[in-house]
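The values are calculated or read from the model by the stated rules, or taken from the named source; none is laboratory data. All values derive from a computational prediction rather than experimental measurement. Quick reminder, even Gly has a Cβ in these numbers, built from the backbone with ideal geometry, and neighbours come from all protein chains shown. SASA here: full protein model, heavy atoms, side chains in, ligands and nucleic acids out. Shrake-Rupley method; radii C 1.70, N 1.55, O 1.52, S 1.80 Å.
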Amino acid sequence: MYNKSVLKPIGIFMLIFGLVYAAVGTLALAGVLTGALPGHETQEVIIVVLAYVVALLAILCGAFCMKGNVSASKTLGMIFAAFGLIGLIYSQVKNGTYSTFDGLAMCFGIAIVYISSKIKE
């Protein structure tokens with residue numbers, strides 16, 4: 001079965017998620033938003049880098065999902081989930097906070113890997 005259509009809505013959502021994540025991160029760095037992304041207000045380099053890597057991976061993964069490229073989507077989904085988990089752990093250990101965006105990133109990455117695994121090419 002060649003049903004790759006389920007990846008398209010996830011791809012659209014991932015593109016939106018990546019753009020929103022980048023915008024919220026930029027606003028948090030500018031000091032406009034506080035508490036949205038823990039660690040951005042203090043401009044911790046590792047958290048900021050992880051956040052923008054997750055945003056970039058979300059955009060790339062969304063593009064691959066929309067194109068129906070299952071193997072690339074699965075690989076990027078794994079990487080996406082790993083960076084989300086790293087961001088969650090680092091925020092929790094360093095700041096004692098929970099980042100909702102990193103939690104969502106990890107969940108979306110796992111969902112993409114699961115869905116991509118079920119699609120036969």
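Would the range 51-65 turn up any residue that is hydrophobic (A, V, I, L, M, F, W, C) and touching an Asp or Glu at 6+ places or on another chain (Cβ under 9 Å)? Yes, because at least one residue in the range 51-65 is hydrophobic (A, V, I, L, M, F, W, C) and touching an Asp or Glu at 6+ places or on another chain (Cβ under 9 Å). In the range 64-83 there is no residue that is modelled with pLDDT under 85, β-branched (Val, Ile, Thr) and open to solvent by 10 Å² or more (accessible area, probe 1.4 Å).
At least 3 residues being of a type in the set (S, T, N, Q) is the threshold, and among the helices (runs of 4 or more DSSP H) wholly inside the range 39-121 those reaching it are 70-95, 100-118. When residues in the range 87-116 are screened for being open to solvent by 60 Å² or more (accessible area, probe 1.4 Å) and closer than 25 Å to Leu7 by Cα, 5 of them pass.
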